[in-house]
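Asks: One structure, as structure tokens, below. Some questions next.
Taken together, the values in this text are just the output of simple stated rules run on the coordinates, not laboratory data. Please read all numbers here as calculations on a predicted model, not as lab measurements. Note that each Cβ is placed from the backbone with ideal geometry, even for glycine, and that neighbours are counted across all protein chains shown.
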Amino acid sequence: MADTYTAVTLAERPKADIIPGETFKVEERPVPKESDLKDGEVIFETKYLSLDPAMRGWLNDARSYVPPVQISEVMRGLAAGVVTASKSEKFPVGTTATGTVGWTEIAVVNEKALEKVEIPRNGKLTDSLGVLGMTGLTAYFGLLRIGLPKPGETVVVSGAAGATGSVVGQIAKIHGCRVIGVCGSDSKCSWLKEELGFDEAVNYKDPEFAKKFRDVTKSLIDVFFDNVGGDVLDLALSRAKKNARFVICGGISQYNAVDKKGPANYLMIIAMRIRMEGFIVFDFASEYAEASKDLAQWLSEGKIKRKETIIKGGLKEADKALVQLYKGINTGKLLVEVKPESEQSKL
């Protein structure tokens, strides 16, 4: 039984790139006791931590959809784990759950901050942070509520081999669309086409990317689901069909940039009557149950496939892994294995 656990706090706000060993601080803290719990509280032990592009924005002291992480505060993050001590009737010991508990091995959490995890047939715990979690919900609502795809339309997804983009493309295929993915390597292009069923995939690092992108979008773009921003968004605007819908989910190419780059082709929004709309998955909280049911069914039927890039070594590797996220290290969902599932609780 260990006396301490590891937590990671924000040490300083990065001006550009996150710097491993400087931006965050690794701390050892005393393990809480069950006797310390108040009614409705549990001790939550993290198994997996989700790493997401939005994390870079949470480090900025700026107005956004959530308050910034404060200096010396545990870094915000969604985790999947198990309840190891409880004063909650809803979450008895042994309950598997997810919650935004942060970058910490152990946390005292109020029951209102947790969601029970029901693992479906062919599912696993990590799905609760991926296709069956906020990642899948983001893809679902962004595409179906903002993009409004119709059968036969051309849907283009940037960051297509990432956690969200890979699900977006598969949902678009389920809805009868022609799907084109933009990603960062030839191997990722092959995965999108051969495993996930994308019709086309283009590597944005290819010297002839712009030409190849124009070739695969000869029929122009009906829906563009953007996770990247920058030059890829600019190029997509030049290929937009009249009344195209541009879903702005993220801009990973710009998150670490000191000088943010906006689209030069923005006048195409006027000429082609493009509707460009940003969204946050929390906007659709009242519809999560319906979406989760669809996603679980598609996963169990094999209509959605998923892949994970899991970083071993615990929370001490999280900051380095987050830096690599912005360099495209991951195929599918990027996770940190905080504690192997096979290990018993420390408590």
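Asks: For region 1-158, take N as its residue count and report Rg(C-alpha) divided by 2.2 N^0.38 Å.
Replies: 1.20
Asks: Now a separate question. Summing +1 for each Lys or Arg and -1 for each Asp or Glu, what net charge is found among the other residues whose Cβ lies under 15 Å from the Cβ of THR135?
Replies: 0
Asks: Take each of the peptides 187-198, 158-169, average the number of other beta-carbon atoms within 10 Å over its residues, and list them starting from the highest.
Replies: Sorting 187-198, 158-169 by mean packing, highest first, produces 158-169, 187-198.
Asks: Now, a different point. List residues of region 118-145, by number, whose backbone nitrogen lies under 18 Å from a label position 7 Å along Cα→C-beta of ASP294.
Replies: 130-145
Asks: Sticking with this structure for a sec: Please tell me the relative contact order of region 134-282 in percent, rounded to the nearest whole number, where contacts are Cα pairs under 8 Å and at least six residues apart. Numbers along the way, then the final one.
Replies: Working: 311 pairs, mean separation 33.6, N = 149.
Relative contact order comes out at 23 percent.
Asks: Taking a ≥ b ≥ c as the square roots of the Cα gyration tensor eigenvalues, with a/c under 1.5 meaning rounded and otherwise prolate when a/b beats b/c, else oblate, which class fits region 134-282? Before the final figure, lay out each step's value.
Replies: Working: a/c = 1.15, a/b = 1.07, b/c = 1.07.
Rounded is the answer for region 134-282, as its axis ratio a/c remains below 1.5.
Asks: What does the convex hull of the Cα atoms of the chain come to per residue, in Å³, rounded to a whole number?
Replies: Cα-based convex hull of the chain, divided per residue, equals 137 Å³.
Asks: So, one more: Would you calculate the separation in nanometres between label points at GLU34 and ALA257, each defined as 7 Å from the Cα along the Cα-to-beta-carbon direction?
Replies: So the label points at GLU34 and ALA257 sit 5.3 nm apart.
Asks: Tell me the mean residue ellipticity at 222 nm calculated for the chain from its helices only (DSSP H runs of n ≥ 4, each -39500 (n - 2.57), averaged over every residue, nearest 500). Please report the intermediate quantities before stating the final value.
Replies: Working: 9 runs with 75 residues, N = 347.
For the chain, the value works out to -6000 deg cm²/dmol.
Asks: Full-extension gain between ALA16 and ARG214, please, as 0.36 nm times their residue separation minus the C-alpha to C-alpha distance.
Replies: Full extension from ALA16 to ARG214 adds 68.1 nm.
Asks: Let me ask another. Expected output is a single nm value to one decimal: the length gained when fully extending between ARG275 and ASN60, i.e. 0.36 nm times separation in residues minus the C-alpha distance. What is it?
Replies: 74.6 nm
Asks: Which of the chymotrypsin sites (Phe, Trp or Tyr not before Pro) found in region 258-289 are loop residues per DSSP with 12 or fewer other Cβ atoms within 10 Å of their Cβ?
Replies: Here no loop site has a sparse enough neighbourhood.
Asks: How far is it, in nm, from the label point at LYS90 to the one at GLU194 when both lie 7 Å from their Cα along the line to the Cβ?
Replies: 4.6 nm
Asks: Which value in nm describes the separation of the simple spin-label points at ARG121 and LYS205, placed 7 Å from the Cα toward the beta carbon?
Replies: Placing both labels 7 Å beyond Cα along the Cβ direction yields 4.0 nm.
Asks: Give me the Debye-computed log₁₀ of I(q)/I(0) at q = 0.16, 0.23, 0.25 Å⁻¹ for region 156-239, equal point scatterers on Cα only, no solvent, two decimals.
Replies: Listed by q, the Debye log ratios stand at -0.50, -1.11, -1.34.
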